[in-house]
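Okay, so here's the structure we're looking at.
The values are calculated or read from the model by the stated rules, or taken from the named source; none is laboratory data. Note that the coordinates shown come from a computational prediction; the quantities given were computed from them, not determined experimentally. Quick reminder, even Gly has a Cβ in these numbers, built from the backbone with ideal geometry, and neighbours come from all protein chains shown. In case anyone asks, the SASA skips ligands and DNA or RNA and just uses the protein heavy atoms, side chains included. Shrake-Rupley method; radii C 1.70, N 1.55, O 1.52, S 1.80 Å.
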Number of protein chains: 2
Amino acid sequence: MTKIGIIGYGNLGRGVESAIKQNDDMELVAVFTRRDPASLQIQSEGVKVDSVDNVSNYTDMIDVMILCGGSATDLPKQTPEYAKLFNVVDSFDTHANIPTHFANVDKAAKENSHVGLISCGWDPGMFSLMRLYGNAFLPEGTDYTFWGKGVSQGHSDAVRRIKGVKNAKQYTIPVEEALEAVRSGSNPKLSTRQKHTREVFAVLEDGADAASIEKEICEMPNYFADYDTTVHFIDEDEFNKNHSGIPHGGFVIRSGKTGWNLEDTHVVEYSIKLDSNPGFTSSIIVSFARAVDRLSKEGVAGAKTVFDIPPAYLTSMSGEYIREHLL
Amino acid sequence: MTKIGIIGYGNLGRGVESAIKQNDDMELVAVFTRRDPASLQIQSEGVKVDSVDNVSNYTDMIDVMILCGGSATDLPKQTPEYAKLFNVVDSFDTHANIPTHFANVDKAAKENSHVGLISCGWDPGMFSLMRLYGNAFLPEGTDYTFWGKGVSQGHSDAVRRIKGVKNAKQYTIPVEEALEAVRSGSNPKLSTRQKHTREVFAVLEDGADAASIEKEICEMPNYFADYDTTVHFIDEDEFNKNHSGIPHGGFVIRSGKTGWNLEDTHVVEYSIKLDSNPGFTSSIIVSFARAVDRLSKEGVAGAKTVFDIPPAYLTSMSGEYIREHLL
C-alpha cells in the first residue's frame, strides 16, 4: 500500500481523494488544511483532517504527500518546504519558472533523502511527455500544443488571487484557423497570440475597481500578457449558473519527416476531452505518486519530473501482466 | 556518440540507417547481412557492410545492435543469440509470444551483462505506452486499439515466408462502425473480428497452388486466424504499380471515469498517420537504442520493454533543456 497525505482541499485535493478510492493499492491517511480542521467535511470515512501546522507529526505515517495548492503563490514555497519532511508530488504549472522551482525542490529533497516530483498533471505532465516522445521519434519536425476549449485551473486561480476578485473562471480557446493550418501538415509558424484566446468571467467584491482589475488581469506576466484576453464581470448568480463546471481539453501534435531524403511525412496527435480538469489531473498525480513511492523505496532522492519516470512504475499491475496484456 | 550496428537490411534496416542520419549523437558502424556483403549497396558512405557470420568481431566497436529481422522466424532465435554479444533492440511483434521471447532474451542478456529491449516500434511500442498510461490514469475505463488503414510489415512478412509466395502486402482496415461506436463513448464490447478486417495482395511463384496458400494464410495462428481475411492473387506488374508504398496509421483510445461517484467521463485519444510504417518504426527504435546505450553504461542488464524506459533517456537533449522547453 502507498500511504498518501493531501495538503489543500480545493478542487484538486478533492480529485486526489476520489482518485485514491479508485486504486486498491493506495490509502488516504490524512487531509491537511490551513482552515480550521473542524470546518472541513471530507468524503472519505475514517480519514483524519488536521491542520497543516501539524503535518510534521505524520512523517512516519505517509509515503507521499500530494500538494494541492496553487502555482502562483503556494507551491513555490510549499514544495521545497514539505520535501524536507516527505516525498512530495505537485502540479506546479508556471512553465517559465519550472527550472527555478526544480532547483529549489531538488536541493530540499536531496538533503533529506526524499523524492519530489514537480509539474505533474496533463500540462505540464502528459502533454509534456507527448512533446518529448514526439521530439525523440521525429527529430526533424514541429510540435504544437493547443488547449481548450476549457477552464484553466492555474489561470482561474491567478485571477482569484487578485485583490477585489471574489470568484473567477478562465476559459482557454484554441483559434480555429490555427488548428486547421496545423492539421493540414503545412507546419505554420504561429505566435502564442495566434493560437489561443483567453476569456475570463469574474465576480467582483463590493467596491472593487473593475477597470484596474481588468488591466491587472490582462497584463499579468506568464499568464495573460501574451494573449488576447477578454474579461467579463458578472454577478454571482450568473457565475454559479453558467460557470460551475470545470471541463477542459486540448491536443499535442507532432508532424515530422523521415527517410534518407526526408521523403515521408508523419503526423502524430494526442488529444483529450475532459468532463473535469481536476478529476483527470488528480488521477494522473495519484498514478505518479505511486511511482514516487517506488523510487523512494529504491533509495532514489531529488527532484524529478514526468520525464524521469519509467512508465511501468505508474501502475499497480505487474511487469509480467503489462507485458502480456498491454505491450 | 552511440555506435550502432544493423543486422538485416530490408525496409526496417534501411529505415534505421536513415534515422541514424537524423540524430547527431548516433553513428552507424556496420550493416550485417545474410546475403553476400558485396551484393549489398547501402546508402551511408564509409560504413562497412559485412556478413552476419563475422558479427562477433565487432563487439568492441558497437554499443547497440539493432535487429531488423522478422518476428515469425528471425527474431525468436536472433535476439537471444545476439544479446550474448551486444546490447540489442528488436521489434518483435507477435504479441502472444512476447512473454516467452522476453524470458529468453532476459536470460541471455543477464548472463552477458547486456540490455535487450524487445518489441520496440509503434505497436508494440508507442501504442503499448499509450495503453499503459491510459490504464494508469483512468483505472476505471476501457481501451481500444485500431490499426490502419495501412500495411502491416509483420503480417506481410509472414505471408511472404509461405512457400510459393513471391511477394505480398497485407492491409489492416478498421471497421468503420466499430470506430464510431468507440468514439461515441458508449464503451462497446468488440471482438477482434468486429474491429478490423485484413486484406492480402499476393504474387505467387510459378506453379504455386493458390487455394492451399489462401487457406494457409487465412488459418495462420496469431496473424490471421482471428480475422475476416480477403486474399487477392495479382500479377507482379499490378503489385508494383499499386502496392509499393508502406503507409500505416491507427489509434489508441482510452475512455474512463473519475469522481467520487464516477460522475465525470474522459476520452483520451492517440492517433498516427504515417507515410511510411518502417520509417516511423525505425525512428522510434533508434531513439530507444539511445536509451539502451545509457542504461547499459549505468550497469543495467537484462530484457527491457518500452515500459521500463524513463522518457528522458530517449532524447539527446539534456534534462535542463527538456524541463525548460518541453515540460
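Summary table
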item	result
Strands (runs of 3 or more DSSP E) wholly inside region B:201-303 that include at least 1 residues being of a type in the set (Gly, Ala, Ser)	B:248-258, B:264-274
Residue satisfying all of: in region B:222-241; in contact (Cβ under 8 Å) with a residue 40 or more places away in the chain and not acidic (Asp, Glu); farthest from residue A:275 (Cα to Cα) among these	B:239
Within region B:312-327, considering residues that are within 26 Å of residue B:8 (Cα to Cα) and among the hydroxyl-bearing types (Ser, Thr, Tyr), the one least open to solvent (accessible area, probe 1.4 Å)	B:315
Set A:168, A:178, A:158: member being over 16 Å from residue A:271 (Cβ atoms) and either more than 24 Å from the chain's Cα centre (by Cα) or touching a residue at least 60 places away in the same chain (Cβ under 8 Å) (or both)	A:158
Subset tally (residues that are outside any loop (DSSP other than H, G, I, E, B) and among the polar types (S, T, N, Q)) for region A:304-327	0
Residue count for region A:264-311, restricted to those that are open to solvent by 20 Å² or more (accessible area, probe 1.4 Å) and within 7 Å of chain B (Cβ to nearest Cβ)	8
Lone unmet requirement of (1) farther than 29 Å from residue A:236 by Cα; (2) assigned to a strand (DSSP E or B) for residue A:166	(1)
Total residues in region A:77-95, condition under 14 Å from the mean Cα position of the chain (by Cα) and surrounded by fewer than 24 Cβ atoms within 10 Å (Cβ to Cβ)	2
Residue B:172, sole failed condition from (1) open to solvent by less than 10 Å² (accessible area, probe 1.4 Å); (2) closer than 19 Å to residue B:183 by Cα; (3) at pLDDT below 95	(2)
Test: residue in region B:242-259 that is surrounded by 18 or more Cβ atoms within 10 Å (Cβ to Cβ) and without any contact (Cβ under 8 Å) to a residue 40 or more places away in the chain	yes
Hey, residue A:205 away from chain B (no Cβ under 14 Å), open to solvent by less than 70 Å² (accessible area, probe 1.4 Å) and of a type in the set (Asp, Glu) or not	no
Of all residues in region A:185-200 being among the polar types (S, T, N, Q) and part of a loop (DSSP other than H, G, I, E, B), the one that is modelled with the highest pLDDT	A:191
Enumeration of residues in region B:96-119 that are of a type in the set (S, T, N, Q) and crowded, with 24+ Cβ neighbours inside 10 Å	B:119
